[in-house]
Amino acid sequence: MLNTVILKRLQEKIAAIPQVSLGILPTPLHELPHFSKVLNGPRVFIKRDDLTGLACGGNKTRMFEFLLAQAKAEGADTIIGGAGVQSNYSRQLAAACNALGLEAHLVLRRIRGAKDDIIQGNLLLDLLAGASVRIIDATTEEQSRIMYKLAKDLEKAGKHPFVARLANDKDLSPDVISYVKCFCEIIEQSQELGIQPSHLYCASYDSTQAGLELGKAALGSKISIMGIAPASWLHGGASGLVADYANQAAQRLGLSCHINTDDVHNSEDYVGDGYGVVTTEGIEMIKLMARTEGIFLDPVYTSKAMAGLYDHVRKGILKKDDVVLFLHTGGTPALFAYAEELGIKELEEHLIKL
């Protein structure tokens, strides 16, 4: 049984960090009975961070509650962010800026060639939100330089810019702390449901898993956390990065616990051909979840994470008597940009033309 005094102290430390209100929290946590039955394995529950409330939801909304509080405290009136064209981060950033009266500039990198020029999915929502969007062909390093140059140009024009990710990733403690807070929610909701989760699966290769790992360590939880990476890292996987970010946030919160790289489990086995490229197994999970529970996974992150969970059940890594939590980190608007990859022919079999 969790020590409620320790939980309260951790929540007090989190509450002391400046925040703004953007999401509808806590998000629901509930069972997936039909999906679990198909798996013929453990009971599976889902934490619905696809329902954080801002701009179709997602895990970044939690992060912006801390990051944009920091930006506002520094006097920023303009936020610069960037990632891939179909970035969930950028979509939620544009909406968060509107909610807080900030100007949003997005520098988005093509990942899928000409397909990324089609105004659909997250890009459509970025533009509907009124963000200033630049689409480029560049490496991540070149993208970062462009973002900082844009910041200088905007500063010369009288703005007070704040550069967010992906250019500025030296201190991810605001992002990490947001998922320490989420872990506290998970613990409280699990107690309310009368369950003791044995495993927690999520799509992550940095701050989301780092926050969960830090929450686990701070509370002395026994939950086994498995991160499923949506992309491959060139320098030995994500575990070291997750541990570093968790320890960075631990210092900011004044926690004495330390995360060791060897204690972080993160798999690149389900990446497929790369970031932003769907996998056959991921597509199967999108359809299975939609057709058993009416919940949509996304093509880039959560579908691959669920493919990992599914595979671990099939391999016996997850046992029948386990209780498994799946953290849905959002991203479903990207589905609309991946219609072709999701298998139009199979989908048309369900279409009755009159």
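The values are calculated or read from the model by the stated rules, or taken from the named source; none is laboratory data. Predicted, not measured: the structure shown is a model, and the values here were computed from it. Here the Cβ positions follow ideal geometry from the backbone for every residue, glycine too, while neighbour counts run over all protein chains shown. Ligands, DNA and RNA are excluded from the accessible area calculation, which covers all protein heavy atoms including side chains. Shrake-Rupley method; radii C 1.70, N 1.55, O 1.52, S 1.80 Å.
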*For the chain, with a Gaussian network of springs between Cα atoms less than 10 Å apart, report the residue from 293, 192, 268 with the top mean-square fluctuation.*
192
*asked:* With the alpha-carbon atoms as the only input, what is the per residue convex hull volume for segment 59-161 in Å³?
replied: 95 Å³
*Which aspartates and glutamates does residue 60 reach when only Cα atoms under 17 Å apart count, and residues fewer than 8 places away in its own chain are ignored?*
49, 50, 126, 169, 171, 175, 185, 206, 298
_With a 1.4 Å probe and all protein chains kept in place, how do 345, 47 rank by accessible area, largest first?_
345, 47
*Set Lys and Arg Cβ to +1 and Asp and Glu Cβ to -1, take the dipole of the chain about its Cα centre, and tell me which of 294, 14, 228 lies farthest positive.*
14
*When the dipole is taken about the Cα centre of the chain, and only Lys, Arg (+1) and Asp, Glu (-1) are charged at their Cβ, what size is it in debye, to the nearest 20?*
440 debye
*To the nearest 10 Å², what's residue 38's accessible area with a 1.4 Å probe?*
70 Å²
*Pop out the carbon and sulfur fraction of the accessible area of the chain as a percent, whole number, probe 1.4 Å.*
53 percent
*On average, how much accessible surface per residue is there in the chain, in Å², for a 1.4 Å probe, leaving out ligands, DNA and RNA?*
44 Å²
_In segment 121-269, if the dipole is taken from +1 on Lys/Arg beta carbons and -1 on Asp/Glu beta carbons about the Cα centre, which of 187, 164, 250 is farthest to the positive end?_
164
*residue 8: which lysines have alpha carbons under 20 Å from its alpha carbon, excluding same-chain residues fewer than 8 sequence positions away?*
181, 216, 222
*Quick one: which residues, 5+ away or cross-chain, put their amide H under 5 Å from the amide H of residue 201? H built at 1.01 Å from N.*
226, 325, 326, 327
*With r as the distance between the Cβ atoms of residue 40 and residue 74 and R0 = 45 Å, compute the FRET efficiency 1/(1 + (r/R0)^6) and round to 0.05.*
0.30
_Beta bridges per DSSP with both ends in the chain, % antiparallel, nearest 5_ = 10 percent
